[in-house]
Amino acid sequence: MNEKEKIREKCLSQRAQISNTKVSSWSKKIKNKFFDLPQLENAKKVMAYASMRKEIETFELLEELLEKGYLVYLPYTRQDIVDLGTAQINNLDKDLKDGVFGVQEPVVKIRDEEVPVDFDIIIVPGACFTVQGYRIGYGGGYYDSFLAKHANGALKVGFCYDCFIVDSIPVEDHDVPVDLIITEKRIINIK
């Protein structure tokens, strides 16, 4: 097992031990910090993710984004090309179904042919992050591939519990750092 896999396994194992009460409380704090971002004022298109297991919960955030009139996009896994596709979501109950890896994904009929090139903000999950904005995800390489191709001028925002901000991780050429990280305790601005 390489170093990245060891760190991923350790973080995910520790994350699985976090109580649902803490997940809920910390997620609310992260959501509130996100909505306080000045960059949100001029943003229209926001790509987020559907949370699973003990990830920072995003369903309240998604509802709030929709209520406030943002164009909300969620990813789906494209295993054929190791990339993510996207779809605009309007209704969390009708527009999502269980997809690859047990993640809620947009239903087939609403998926975009092409990924929009003009996202304002992309929210990125991860097992852990460094203060330099690098992350360890879940090992598939989907987000790095997606961000390299489609992030363009988008603000890349990592969501992470503070206990998973680590000193360093092995960084590879294809790794794409986020621009800021929001934890339940702080906002880390990278650039």
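The values are calculated or read from the model by the stated rules, or taken from the named source; none is laboratory data. Everything numeric in this text was worked out from a predicted model, so none of it was measured. Ideal geometry is used to build each Cβ from the backbone, glycine not excepted, and the neighbour counts take in all protein chains shown.
So that you can scan it fast, the table gives a plain yes or no per residue for (1) part of a helix (DSSP H, G or I); (2) in contact with a strand residue (DSSP E or B) (Cβ under 9 Å, 6 or more places away or on another chain); (3) surrounded by 18 or more Cβ atoms within 10 Å (Cβ to Cβ):
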site: Lys4; (1), (2), (3): yes, yes, no
site: Glu9; (1), (2), (3): yes, no, no
site: Tyr49; (1), (2), (3): no, yes, yes
site: Ile56; (1), (2), (3): no, yes, yes
site: Leu61; (1), (2), (3): yes, yes, yes
site: Leu65; (1), (2), (3): yes, yes, yes
site: Thr77; (1), (2), (3): no, yes, no
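The set of residues in segment 98-115 being closer than 18 Å to Tyr142 by Cβ and either touching a helix residue (DSSP H, G or I) at 6+ places or on another chain (Cβ under 9 Å) or touching a residue at least 12 places away in the same chain (Cβ under 8 Å) (or both) consists of Gly99, Val100, Phe101, Gly102, Val103, Gln104, Glu105, Pro106, Arg111, Asp112, Val115.
Okay, residues lined up against (1) closer than 21 Å to Asn20 by Cα; (2) out of contact with any Asp or Glu (no Cβ under 6 Å at 6 or more places or on another chain):
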| position | (1), (2) |
| --- | --- |
| Phe34 | yes, yes |
| Glu67 | no, yes |
| Tyr76 | no, no |
| Gln88 | no, yes |
| Asp93 | no, yes |
| Ile121 | no, yes |
| Pro125 | yes, no |
| Cys128 | yes, yes |
| Gly133 | no, yes |
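Scanning segment 79-112 for residues that are part of a helix (DSSP H, G or I), surrounded by fewer than 11 Cβ atoms within 10 Å (Cβ to Cβ) and either of a type outside the set (Val, Ile, Thr) or in contact with a Leu (Cβ under 9 Å, 6 or more places away or on another chain) (or both) yields Asp93, Lys94, Gly102, Lys109.
With respect to Tyr134, determine if the residue is over 21 Å from Asp36 (Cα atoms), out of contact with any Leu (no Cβ under 7 Å at 6 or more places or on another chain), among the aromatic types (Phe, Trp, Tyr) and crowded, with 16+ Cβ neighbours inside 10 Å. It is true that Tyr134 is over 21 Å from Asp36 (Cα atoms), out of contact with any Leu (no Cβ under 7 Å at 6 or more places or on another chain), among the aromatic types (Phe, Trp, Tyr) and crowded, with 16+ Cβ neighbours inside 10 Å. Among the residues making up segment 60-86, those that are aliphatic (A, V, I, L, M) and either within 14 Å of the chain's Cα centre (by Cα) or at pLDDT 95 or above (or both) are Leu61, Leu62, Leu65, Leu66, Leu71, Val72, Leu74, Leu84.
What residue, among those in segment 11-33 that are within 15 Å of Pro125 (Cα to Cα) and touching a strand residue (DSSP E or B) at 6+ places or on another chain (Cβ under 6 Å), is modelled with the lowest pLDDT? Top of the filtered list is Cys11. Would segment 129-142 turn up any residue that is at pLDDT below 90 and in contact with a strand residue (DSSP E or B) (Cβ under 6 Å, 6 or more places away or on another chain)? Looking through segment 129-142, at least one residue is at pLDDT below 90 and in contact with a strand residue (DSSP E or B) (Cβ under 6 Å, 6 or more places away or on another chain).
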